[in-house]
1. Check whether at least one residue in region 33-48 is outside any helix (DSSP H, G or I) and free of Cβ contacts under 8 Å to residues at least 60 places away in the same chain, and report yes or no.
2. Looking for something of a type outside the set (Phe, Trp, Tyr) and loosely packed, with under 10 Cβ neighbours inside 10 Å - is there at least one such residue anywhere in region 31-42?
3. Out of region 21-32, which residues are in a loop (DSSP other than H, G, I, E, B) and within 19 Å of Ile10 (Cβ to Cβ)?
4. Which condition number does Arg6 fail, the rest of (1) open to solvent by 100 Å² or more (accessible area, probe 1.4 Å); (2) part of a helix (DSSP H, G or I) being met?
Amino acid sequence: MPKAPRNNKITILLNDAEQRALERYCQRYHVDNRSRLIRETLIRAILKRMDEDNPTLF
């Protein structure tokens, strides 16, 4: 499956405590690619929320 090119950029700002927490997490769980971690975590949360918000028949 070919990968879609990533042409869109998003910039986020973290406070000092958030930055330290991210650094500790990456160090503890040996995360080499923080961009991938943040992207996958964000998309997972979005998809979960969208799935919960979908109307159901029953």
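The values are calculated or read from the model by the stated rules, or taken from the named source; none is laboratory data. These numbers were taken from a predicted model, which means no experiment stands behind them. All Cβ positions, glycine included, derive from the backbone under ideal geometry; neighbour counts span all protein chains shown. Heads up: the accessible areas ignore ligands, DNA and RNA and are worked out on the full protein's heavy atoms, side chains in. Shrake-Rupley method; radii C 1.70, N 1.55, O 1.52, S 1.80 Å.
1. For region 33-48, residues outside any helix (DSSP H, G or I) and free of Cβ contacts under 8 Å to residues at least 60 places away in the same chain: present.
2. yes
3. Passing the criteria: only Val31.
4. Of everything listed in (1) open to solvent by 100 Å² or more (accessible area, probe 1.4 Å); (2) part of a helix (DSSP H, G or I), Arg6 misses just condition (2).
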